[in-house]
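Computed from the coordinates by the stated procedures, all read-outs in this text should not be read as laboratory data. What you see is a predicted model, and the numbers here were worked out from it, not measured in a lab. Glycine also receives a Cβ, built like all others from the backbone with ideal geometry; neighbour counts cover every protein chain displayed.
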């Protein structure tokens, strides 16, 4: 199995990732920050990457919620009763 380098400098832009890709990478960033005694510059780069990934996840969740609201609006333009809580558990 080939191990992929997931360093922030070689990573795809967060805006190009799906929710699942961004969330998975963000989990890896958190694990690396918690488990390693990293040099300051590397820790800062990882933190910045994590912030970008978290923002991407939030953006995609907000878009999904908006789509659900649009799909849940009845013909009178009123929001039908539905649970729209998309927060990760």
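Tell me, what is the FRET efficiency for residue 64 and residue 21 to the nearest 0.05, using R0 = 22 angstrom and their Cβ-Cβ distance as r?
0.90
How large are Rg and Dmax for segment 17-61 when calculated on the C-alpha trace, in angstrom?
10.8, 33
With an 8 Å cut-off on Cα pairs and a minimum separation of 6 or more residues, tell me the relative contact order of segment 17-61 in percent.
Relative contact order of segment 17-61: 61 percent.
Rank-order 58-67, 42-51 by packing density, defined as the average count of other C-beta atoms within 10 Å over each peptide's residues, highest first.
Output ranking for 58-67, 42-51: 42-51, 58-67.
For labels at residue 72 and residue 10 in the simple 7 Å Cα→Cβ model, what's the distance in nm?
4.3 nm
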